[in-house]
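Trainee: Structure provided below as structure tokens; questions to follow.
The values are calculated or read from the model by the stated rules, or taken from the named source; none is laboratory data. Computed from a predicted model, the values in this text were never measured in an experiment. Please note: Cβ atoms are built from the backbone with ideal geometry, for glycine as well, and neighbour counts cover all protein chains shown. Please note that ligands, DNA and RNA were not included when accessible areas were found on the heavy atoms of the full protein model with its side chains. Shrake-Rupley method; radii C 1.70, N 1.55, O 1.52, S 1.80 Å.
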Amino acid sequence: MTVLVLGAGPVGQTAALALARWEVPVILLDQRPQRDPVGSKAICQQRDVLDFWAELGAGAIAEEGLTWSRARTFHRDEELFVVDLSDPGRSPYPPFVNISQARTEEVLDQAIARHHLIDVRWGHRVTAISQPGDSVTVRCETPDGEVELTGDYAIACAGSRASDVRSMLGVEFEGESFDDAFLICDIEAGLPGWEQERRFYFDPTWNPGRQVLIHPCPGGLFRIDWQVDPDFDLEAERTSGHLDRRIRQIVGDTSYRLDWSSVYRFHARMASRFLVGRVLLAGDLAHLVAPFGARGLNSGVPDVENAAWKIAWVLRGWAGPELLATYEQERRAAAAENLEVTSATMDFLVPHSPEAAARRAALLEAARRDPVARAQVDSGRLAEPFWYLDSPLTTPADDRPWPGRPPRGAAPEPVPGVILPDAPVRLAERPEVTHVRQLARAGLLALAGPAADVTSAREALAAGAGPAPHAVLGLAENEPSGILLDSLKAHPADIWLVRPDAHTCAVVRDPAELVAAARRALGHPS
């Protein structure tokens, strides 16, 4: 029993740790000779990703990251609105932290080094992928010659530039690339009052007609993104002194140090398939979105959490192979949501015609005084867990209609398919468990309200789950604060069923209905 993970970036690292957590051996491959920690790259890590990383032994990412919970949007020098990010439960983690991707990868590497089930191999460039029978074989070029590696399944997460891997799998990468360029700089500077909030500027006097995004990072570091001309020349900007002047327009006379700079363009693309036989595509190999909203890495990590529990449960005989087909259905739907959200943001940031630019300019002016116009200003909807409402693993609740995407910064309506809000729990027999998410990620979990029949719920869940790990938590005695009942808007007799990736998948009143709901959650809708 072995799974091959192609790509040792943060998504691949997370995939390896997630599989090893279920006691599945992993071979983690990367074509680079070693790690290359350059630049801040993906810095914004969302609460539910932090929660999962902590479960995998990488809690230092949340501990070391710079916490922020407020996103401010300006038009020129006037603030249009502030989004304060909510927590529907009581998570031990903040809405977001900012931390360099290099440090994130270092913490994940440390967690990997503590795990005997993960075999990391650098300098392995994949040259061929085949699927003979019930396995996946990968041929690699290495400094010592060609090798072949075989596993039961593979997760391909080798990054956006791995077009050769997509070609080997016969997968198209459809979408568009944007012409506009963006300059990114990591600078160290003292900017009092800016240390714990995201700032987005439309048409500031120091970047007229374009946008600027400013993110604080640990250690007095700030990540600044400027929209620039499509033909922007970074080297010419440096040598002419224009880059210093550009930075000075933000930091003033404060001394600063430039740590890293780069220019990039955005892409909006999605793979034509996320599942090819026994190979699952994840992360930037499967989807690319504009970064306004931090939906890149914060989407890649849920990809591999979804993939890992399903692969592990199939390999362990807790579910049938049909469970894996739902990976593509669920995560491709999540990618489509992210593309829709970020493409709308890019359409607003970079109007495609003079008429669209004029409409945007008028809307930004109106937004200074009109709350209706203000609600239409799009500076990037921040990352949030996807809702698996239409998944074949979800049992819909007729009395809980889905009202649609929630307002920015707000939690989704609690219906089957949304992620479970976290809350403190007390278990006399397991004092090491402090939050309900820890229980949820151990198997199928049923949360029984104070008026529910816990004994009948246990019998029904055991019948539906079969050999798969499962548990029933009585909320009356184990979650006395009532946070979960409130955040789920639950009836006292409700029983909520939760999957191993902490997503809810059913809510019932009759405990007997848990049998069918549990079987459905394992990929057996009949």
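Trainee: From (1) among the small types (Gly, Ala, Ser); (2) surrounded by fewer than 17 Cβ atoms within 10 Å (Cβ to Cβ); (3) closer than 30 Å to ALA366 by Cβ, pick out the condition that doesn't hold for ALA113.
Mentor: (3)
Trainee: Scanning the stretch 339-366 for residues that are in a helix (DSSP H, G or I) and in contact with a strand residue (DSSP E or B) (Cβ under 7 Å, 6 or more places away or on another chain), which turns out surrounded by the fewest Cβ atoms within 10 Å (Cβ to Cβ)?
Mentor: Residue satisfying both the conditions and the ranking: SER343.
Trainee: What are the residues in the stretch 267-304 that are small (Gly, Ala, Ser) and assigned to a loop (DSSP other than H, G, I, E, B), if any?
Mentor: Scanning the stretch 267-304 gives SER272, GLY277, ALA282, ALA286, ALA290, GLY293, ALA294, GLY296.
Trainee: Among the residues of the stretch 197-222, how many are touching a Leu at 6+ places or on another chain (Cβ under 8 Å), touching a residue at least 40 places away in the same chain (Cβ under 8 Å) and in a strand (DSSP E or B)?
Mentor: Result for the stretch 197-222: 8.
Trainee: For the stretch 136-154, indicate whether the set of residues that are farther than 22 Å from ALA308 by Cα, open to solvent by 50 Å² or more (accessible area, probe 1.4 Å), modelled with pLDDT under 95 and among the acidic types (Asp, Glu) is non-empty.
Mentor: yes
Trainee: Separate question: Give the residue that is nearest to VAL418 (Cα to Cα), with candidates limited to residues of the stretch 68-91 that are of a type in the set (Ser, Thr, Tyr) and surrounded by 15 or more Cβ atoms within 10 Å (Cβ to Cβ).
Mentor: Here the answer is SER91.
Trainee: Starting from the stretch 1-21, keep only residues that are in contact (Cβ under 8 Å) with a residue 40 or more places away in the chain and within 19 Å of ASP36 (Cα to Cα), then list their pairs with residues that are open to solvent by 10 Å² or more (accessible area, probe 1.4 Å) and among the basic types (Lys, Arg) whose Cβ atoms are within a distance under 9 Å, requiring at least 6 positions of separation or different chains.
Mentor: As it stands, the answer is ALA8/ARG32; ALA8/ARG35; ALA8/ARG121, since those pairs meet every condition given.
Trainee: In this structure, does GLY523 turn out to be in contact with a Ser or Thr (Cβ under 7 Å, 6 or more places away or on another chain) and open to solvent by 10 Å² or more (accessible area, probe 1.4 Å)? Don't jump to the end; show me each part of the working.
Mentor: Working: in contact with a Ser or Thr (Cβ under 7 Å, 6 or more places away or on another chain): yes; open to solvent by 10 Å² or more (accessible area, probe 1.4 Å): yes.
Answer is yes for this residue.
Trainee: Just to be sure before I move on: is GLU106 within 30 Å of GLY220 (Cα to Cα) and either out of contact with any Leu (no Cβ under 9 Å at 6 or more places or on another chain) or among the aliphatic types (A, V, I, L, M) (or both) in the structure I sent?
Mentor: Here the answer is yes, as GLU106 does meet what is asked.
Trainee: Considering only residues that are open to solvent by less than 20 Å² (accessible area, probe 1.4 Å) and not in a strand (DSSP E or B), look in the stretch 92-102 and name the one that is nearest to ARG381 (Cα to Cα).
Mentor: For the stretch 92-102, the residue satisfying everything is PRO95.
Trainee: Is it the case that the stretch 178-196 has a residue that's farther than 16 Å from VAL5 by Cα, open to solvent by 10 Å² or more (accessible area, probe 1.4 Å), among the polar types (S, T, N, Q) and not in a loop (DSSP other than H, G, I, E, B)?
Mentor: Scanning the stretch 178-196 turns up no residue that is farther than 16 Å from VAL5 by Cα, open to solvent by 10 Å² or more (accessible area, probe 1.4 Å), among the polar types (S, T, N, Q) and not in a loop (DSSP other than H, G, I, E, B).
Trainee: Determine which member of the set GLU63, GLU105 is open to solvent by 30 Å² or more (accessible area, probe 1.4 Å), outside any strand (DSSP E or B) and modelled with pLDDT of 95 or more. Before the answer, list the steps.
Mentor: Details: GLU105 fails: open to solvent by 30 Å² or more (accessible area, probe 1.4 Å).
Just a single option satisfies the conditions, and that option is GLU63.
Trainee: Within the stretch 20-60, count every residue that is part of a loop (DSSP other than H, G, I, E, B) and within 19 Å of the chain's Cα centre (by Cα). Working first, answer last.
Mentor: The first filter runs over the stretch 20-60 and keeps only residues part of a loop (DSSP other than H, G, I, E, B), leaving 22-25, 30-43, 56-59.
With the extra rule that they be within 19 Å of the chain's Cα centre (by Cα), the set shrinks to 40-43, 56-59.
Total meeting the criteria: 8.
Trainee: Within the bounds of the stretch 422-430, is there any residue that is within 30 Å of ARG265 (Cβ to Cβ), in contact (Cβ under 8 Å) with a residue 60 or more places away in the chain and in contact with a helix residue (DSSP H, G or I) (Cβ under 9 Å, 6 or more places away or on another chain)? Even if it seems obvious, please write down each step before you answer.
Mentor: Kept after step one, since they are within 30 Å of ARG265 (Cβ to Cβ), are these residues of the stretch 422-430: none.
No, the stretch 422-430 contains no residue that is within 30 Å of ARG265 (Cβ to Cβ), in contact (Cβ under 8 Å) with a residue 60 or more places away in the chain and in contact with a helix residue (DSSP H, G or I) (Cβ under 9 Å, 6 or more places away or on another chain).
Trainee: Within the stretch 127-169, work out how many residues are small (Gly, Ala, Ser) and over 23 Å from ALA286 (Cβ atoms).
Mentor: 2
Trainee: In addition: Tell me, which residue of the stretch 1-39 that is among the aliphatic types (A, V, I, L, M), open to solvent by 10 Å² or more (accessible area, probe 1.4 Å) and modelled with pLDDT of 95 or more is nearest to ARG125 (Cα to Cα)?
Mentor: Among those that are among the aliphatic types (A, V, I, L, M), open to solvent by 10 Å² or more (accessible area, probe 1.4 Å) and modelled with pLDDT of 95 or more, it is ILE27.
Trainee: Looking only at residues in the stretch 367-396 that are of a type outside the set (A, V, I, L, M) and not in a loop (DSSP other than H, G, I, E, B), which one is least open to solvent (accessible area, probe 1.4 Å)?
Mentor: ARG374
Trainee: Which one is farthest from SER261 (Cα to Cα) among residues in the stretch 236-245 that are open to solvent by less than 40 Å² (accessible area, probe 1.4 Å) and out of contact with any Leu (no Cβ under 7 Å at 6 or more places or on another chain)?
Mentor: Across the stretch 236-245, the extreme among qualifying residues is GLY241.
Trainee: Only one of (1) within 23 Å of the chain's Cα centre (by Cα); (2) small (Gly, Ala, Ser); (3) within 28 Å of GLY7 (Cα to Cα) is not met by ALA113, so which one is it?
Mentor: (1)
Trainee: Which of the residues belonging to the stretch 353-404 are in contact (Cβ under 8 Å) with a residue 24 or more places away in the chain and of a type in the set (D, E, K, R)?
Mentor: Result: GLU365, ARG368, ARG374, ASP378, ARG381, GLU384, ASP390, ARG400.
Trainee: Still on this structure, I have one more. Of the residues PRO302, PRO216, which is farther than 19 Å from GLU176 by Cα and either open to solvent by 10 Å² or more (accessible area, probe 1.4 Å) or at pLDDT 95 or above (or both)? Steps first, answer last, please.
Mentor: Details: PRO216 fails: either open to solvent by 10 Å² or more (accessible area, probe 1.4 Å) or at pLDDT 95 or above (or both).
Answer to the check: PRO302.
Trainee: What residue, among those in the stretch 256-297 that are at pLDDT 95 or above and small (Gly, Ala, Ser), is most open to solvent (accessible area, probe 1.4 Å)?
Mentor: So, considering only residues that are at pLDDT 95 or above and small (Gly, Ala, Ser), the one most open to solvent (accessible area, probe 1.4 Å) is GLY277.
Trainee: Limited to the stretch 308-326, what total is found for residues that are crowded, with 19+ Cβ neighbours inside 10 Å and either under 15 Å from PRO385 (Cα atoms) or out of contact with any strand residue (DSSP E or B) (no Cβ under 6 Å at 6 or more places or on another chain) (or both)? Break it down stepwise before answering.
Mentor: Here is the first cut: in the stretch 308-326, the ones crowded, with 19+ Cβ neighbours inside 10 Å are 308-315, 318-319, 323-324, 326.
Adding the requirement that they be either under 15 Å from PRO385 (Cα atoms) or out of contact with any strand residue (DSSP E or B) (no Cβ under 6 Å at 6 or more places or on another chain) (or both) leaves 308-310, 312-315, 318-319, 323-324, 326.
Going through the stretch 308-326 one residue at a time, the tally reaches 12.
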